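Worksheet: one structure, shown below.
Taken together, the values in this text are just the output of simple stated rules run on the coordinates, not laboratory data. Bear in mind that the values here come from a model prediction, so they are computed numbers and not experimental data. Cβ sites come from the backbone with ideal geometry, for glycine too, and all protein chains shown count toward neighbours.
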Amino acid sequence: MASNKSTLSVFPPTLYAGKVALVTGGGSGICLGIATALVRHGASVAIVGRTQSKLESAKATIEAATSTTNKVLCIAADVRSFEAINAAVSATAAKFGRLDFVVCGAAGNFLCAAEDLSPNAFKTVVDIDLVGTFNTCKAALPLLKLSKGAIINITATLQYKGTLLMAHACAAKAGVDALTRVLALEWGQYGIRVNAIAPGPIDDTTGMTKLMPSGARDLILSAIPLRRMGTVRDIEFTTLYLFSDAASLVTGAIEVVDGGEWLASPMAIVSSLDAAGMQADVQKKRADYNASKKNASKL
Ligand SMILES: NC(=O)c1ccc[n+]([C@@H]2O[C@H](COP(=O)([O-])OP(=O)(O)OC[C@H]3O[C@@H](n4cnc5c(N)ncnc54)[C@H](OP(=O)(O)O)[C@@H]3O)[C@@H](O)[C@H]2O)c1
């Protein structure tokens, strides 16, 4: 079974020494993990969210985990406001002198049937996830042109098949995917790479705690070909790779990190659970068919 239990990073600890990142949504969950991983590998990071106290506590978490000080800047800003995120980008440059990497991870989500969803609730999620991603990328562009930097947008896999009770998030993340591809096309000329990471279900995150129906864990696990939920660490490693020179020709990619979950159809799940049984069944059917043909030709 695949595992990411190793606590050792395969990346050198100085990989991002001297580099500066801005991470929206960096006050919690997956993006806090990403911010921590970047600092652990030498970068300075501005973390952006709406709640100052949450950011301060995230900063303490990062500093404790990485034994560093003065490498994290907390900026309270709402990504729905271009002015606010533009000011956050300026504050990052004022503190650290440059900007190399941007992670757009700020997002909102909840379960609601489209029939019961108010237009305002739908718009709010699109505004945070999609408009917020556009605002952040656009605000960062002048500094990324100078550094020939890179962007990673955090999307999802919900939108690939459509997910019940998440019309708002599916629509918003489909827009993030499209935006990622277009920005990769338009900004390649500046040496800026624009990619996305699409996490599957990630254990111990607000997203999963809030959105996973109780008792669904085993069912979800049985539907994942690699038979484990994702961890924040899986997304950290993919981020470290995509920002590194190892990915210097990779742009416009949407890197799915889900253990194969979204690809799996009920047929795929049944076949992987009982591959031997399925094979025996198919062989028997073929033998029956051949026998019936033989009998028919004798008539
Ligand atoms: N968890 C999963 O299994 C999963 C799966 C697929 C994709 N994802 C994606 O991964 C990312 C992180 O998810 P997570 O589960 O780790 O969520 P999370 O802990 O809820 O993180 C979301 C962050 O965004 C910030 N935020 C929300 N609205 C904002 C706004 N208007 N302006 C600025 N910041 C805002 C929140 O802080 P404030 O509330 O303080 O602003 C929070 O820190 C999201 O893009 C999510 O869609 C997660």
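Results, tabulated for the structure shown:
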| read-out | value |
| --- | --- |
| Calculated Rg and Dmax of region 20-264 using C-alpha coordinates, Å | 17.1, 50 |
| Furthest towards positive pole of dipole, V79, T157, L141, structure part the chain, Cβ charges | T157 |
| On Cα atoms only, tilt of 29-40 relative to the major axis of the chain in degrees | 60 |
| Between 0 and 90°, nearest 10: helix 52-66 axis offset from the chain longest Cα axis | 80 |
| Leading residue at positive end of dipole, the chain (Cβ point charges), from N195, M267, F110 | M267 |
| Dipole in debye (nearest 20) - the chain, about Cα centre, beta carbon charges: Lys, Arg +1; Asp, Glu -1 | 640 |
| Backbone N under 19 Å from the L8 label point (7 Å along Cα→Cβ), restricted to region 41-74 | 41-42 |
| Whole-Å distance, taken between Cα centres, linking region 32-91 and region 226-248 | 20 |
| Near-label residues of region 107-133 by backbone N, under 17 Å of a point 7 Å along Cα→Cβ of L165 | 108-118, 122 |
| Cα-Cα separations in region 147-239 greater than 16 Å, expressed as whole percent | 63 |
| Cα-based helix-to-principal-axis angle, 232-243 vs the chain, degrees rounded to 10 | 70 |
| Quotient of Cα Rg and 2.2 N^0.38 Å for region 198-299, N being how many residues it contains | 1.67 |
| Along principal axes, Cα extents of region 44-153, largest first, whole Å | 48, 33, 21 |
| Gyration tensor verdict on region 87-222 (Cα atoms; rounded if a/c is under 1.5, prolate if a/b is larger than b/c, oblate otherwise) | prolate |
| Alpha-carbon Rg/Rh ratio, for region 1-84, with Rh computed the Kirkwood way | 1.02 |
| Violating pairs (Cα-Cα greater than 22 angstrom) within the set K19/K54; K95/K138; K123/K173 | K19/K54 |
